[in-house]
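So that we are looking at the same thing, I have put the structure below in structure tokens.
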Amino acid sequence: MKAKRVNREEQLKLIMECRSSGLSDYQWCEAHGIHAGTFYNWVSKLRKVGVTIPNSESKHLGTPVHQEVVKLDLVPEPAPAATIMEKNTRILTMPDTDASVAVEIIMGNSTIRFFNNTNPDLIRTTLQCLGGMSHAW
């Protein structure tokens, strides 16, 4: 079966619609039931008679303008890993003896409190970690 003839005005209208659609020429032709070879033949013939036709947008960009949509499942980000200080710190339960603060050391944003019943080895290790006092024990 022979395809229906399309006059020049209609060809130009279709070409301009294609070029302003954001689709590649091939994608637009597929969507509108026009053979790509026929479309490019129209472009060539109209240019030969002096009609100015814009270039295909997809050729200018070097990448396809129309892209597929892909569904993504968003997974919540895991909690950040504990810092070294958090890994080496634990909350000790205090016996029912005197739990008042005997010593409080404040360094910048950190506060260290030793209670009356704090194990001497813990005090020694803490002070050594702070950078001194190892000779005093």
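The values are calculated or read from the model by the stated rules, or taken from the named source; none is laboratory data. Note that the structure is predicted; figures quoted are calculated from it, not measured. We place every Cβ from the backbone using ideal geometry, glycine too, and count neighbours over all the protein chains shown.
If you go through the stretch 1-21, how many residues are loosely packed, with under 12 Cβ neighbours inside 10 Å and among the small types (Gly, Ala, Ser)?
Looking only at that region, the number is 2.
Of the conditions (1) modelled with pLDDT of 80 or more; (2) of a type in the set (Ser, Thr, Tyr); (3) in a loop (DSSP other than H, G, I, E, B), residue 97 fails just one. Which one is it?
It fails just one condition, (1).
Same structure, new question: Which one is modelled with the highest pLDDT, of the residues in the stretch 1-37 that are in a loop (DSSP other than H, G, I, E, B) and among the small types (Gly, Ala, Ser)?
33
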